[in-house]
Amino acid sequence: MSELRQEAEAIAEQFSDHTDVNPDDVEERLATLVDEYRVPLDEARRSVTNSYLEDAGMERDELGRGGSEEVLVNDIDEDEQWVDLRVELVDLWEPRSDSISQVGLLGDESGTIKFVAFETSDLPELTEGQAYELTNVVTDEYEGSYSVKLNRTTGITEIDEEIEVGDNADTVEGALVDIQSGSGLIKRCPEEDCTRVLQNGRCSEHGQVEGEFDLRIKGVLDDGETVTEVIFDREATEDLTGMTLEEAKDMAMDALDTTVVAEEMGEDVLGRYYRVTGPTFGRYVLVDDMEDPGAVDVESALIEARSI
């Protein structure tokens, strides 16, 4: 069975409890996008799914599971998959949006993963330290970092079980030798459950939108032997640079150019040695904690490290 056919049958199965969706029709739509318009398969899948949702007058979280299976949180490596989890609620923090009812960390023996539950899903609140069996949750991906979303079809069952939560964080260090494109002041899609970075004002899922400003740094650490790519989110970027989002917006407005923000950040942080800790997703370490031993001579530091 071809990959397109597998995707088509999975999409049709998701709608099976709500409307009659023919896998042949789904496959034809996918093939048109992928073969004729060279759209990546994951984007084509989202586009076709959104089209059927609109036709049926449905919200995304009303979809069926499409055949979910129980997985470990650290094995999640694909977007928009329906999975079951046996986890402990490790931590909760204050939601930044009124549309979110709960946000925090779930964990099992493989590590931890962020979860989000939305107000519209009308789910019972989870309690820190309690173990749960969660069925029918959907995976989400952002800059290589995976999370799960609880939706109105999610099943929540408290379980009397001790779950030993593993640590999936890595610690890396090195001189910050490069800040990659896509750093500094960026814009993200403003849709409720989407945080994709806009390219020329467009979201890959929602099209042309009025974006919301954010900060990030995609950097490269070099310890003399290994090069590691790291991502600092807004909070970590503000801690790293001392520049707030509002200051960055003012700077860009004065210069009529957003690129000056990344250039200014580079002048302050390039050539310094950092030790960072966070989960690894894809090729990036997502920075949760950071130590800054101070400024170094990058060339001398790398020569010394490579001689050890």
Check: What does the highest-first list of 210-223, 249-262 look like by mean Cβ count within 10 Å?
Finding: 210-223, 249-262
Note to self: Just to be sure I understand the model, the point goes 7 Å from the Cα along the line to the Cβ. What's the resulting Asn50 to Asn168 distance in nm?
What the structure shows: 2.7
Next item on the list: For the chain, go through all pairs of different Cα atoms, get the mean of 1/r, take its inverse, and jot down that Kirkwood value in Å.
Entry: 21.5
Margin query: Could you work out what % of the accessible surface of region 79-235 is carbon and sulfur, using a 1.4 angstrom probe and leaving DNA, RNA and ligands out of the count?
Written below: 39
Notebook entry, point to check: Going by average Cβ neighbours within 10 Å, how do the peptides 168-175, 22-29, 121-128 rank, with the highest at the top?
Noted result: 168-175, 22-29, 121-128
Item checked: 15 Å cut-off, amide nitrogen to a point 7 angstrom out along Thr157 Cα→Cβ, residues in region 103-144 -> 131-137
Item checked: Accessible area expressed per residue, the chain, with surrounding protein chains retained (probe 1.4 Å, Å²) -> 53
Check: Computed over the Cα atoms, what is the radius of gyration of region 128-258 divided by 2.2 N^0.38 Å, N being its residue count?
Finding: 1.35
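Sorted by packing (mean other beta-carbon atoms within 10 Å per residue), highest first, where do 152-163, 131-142 land?
Descending mean neighbour count gives 131-142, 152-163.
Which length gain, in nm to one decimal place, applies between Leu41 and Arg234 when the Cα-Cα distance is subtracted from 0.36 nm times their residue separation? Walk me through the numbers on the way to the answer.
Details: separation 193, 0.36 × 193 = 69.48 nm, distance 2.99 nm.
Once the chain is fully extended between Leu41 and Arg234, it gains 66.5 nm.
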Item checked: Among Gly182, Thr154, Leu134 - extreme Cα towards positive end, dipole of region 134-187, charges at beta-carbon -> Gly182
Notebook entry, point to check: Which helices, counted as full DSSP H runs in the chain, have an axial Cα extent of no less than 24 Å and a Kyte-Doolittle average of 1.0 or above?
Noted result: none
Notebook entry, point to check: Using the beta-carbon distance between Asp91 and Leu256 and R0 = 35 Å, what value does 1/(1 + (r/R0)^6) give for FRET efficiency, to the nearest 0.05?
Noted result: 0.25
Item checked: Residue pairs, from the table Lys114/Lys187; Lys114/Lys218; Lys187/Lys218, whose Cα atoms sit over 19 Å apart -> Lys114/Lys187; Lys114/Lys218
Notebook entry, point to check: Over all distinct Cα pairs, what is the inverse of the mean 1/r for region 181-284, reported as the Kirkwood hydrodynamic radius in Å?
Noted result: 14.8
Next item on the list: Kindly report, to the nearest 10 Å², the accessible surface of Glu88 as traced by a 1.4 Å probe over protein heavy atoms only.
Entry: 40
Next item on the list: Enter the mean projected area of the convex hull around the alpha-carbon atoms of region 39-147, in nm², rounded to one decimal.
Entry: 7.7
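What Kirkwood hydrodynamic radius do you get for region 126-183 when you take the inverse of the mean 1/r over all pairs of distinct Cα atoms, in Å?
Values: mean 1/r = 0.0652 Å⁻¹.
The Cα-based Kirkwood calculation yields 15.3 Å.
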Margin query: Using 5 Å bins from zero, what percent of all Cα-Cα pairs in region 83-164 falls into each bin?
Written below: 3, 16, 27, 30, 17, 6, 1
Next item on the list: Pull out the extension gain between Thr195 and Ser99, defined as 0.36 nm times the separation in residues minus the alpha carbon to alpha carbon distance; nm, one decimal.
Entry: 33.1 nm
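Multiplying the sequence separation of Ser2 and Glu212 by 0.36 nm and subtracting their Cα-Cα distance, what value in nm do you get? Walk me through the intermediate numbers first.
Details: separation 210, 0.36 × 210 = 75.60 nm, distance 3.88 nm.
Contour length minus Cα-Cα distance gives 71.7 nm.
The values are calculated or read from the model by the stated rules, or taken from the named source; none is laboratory data. What you are looking at is a predicted structure, and each value in this text was computed from that prediction instead of being measured. Note: ideal-geometry Cβ built from the backbone for every residue, glycine included; neighbour counts use all protein chains shown. SASA here: full protein model, heavy atoms, side chains in, ligands and nucleic acids out. Shrake-Rupley method; radii C 1.70, N 1.55, O 1.52, S 1.80 Å.
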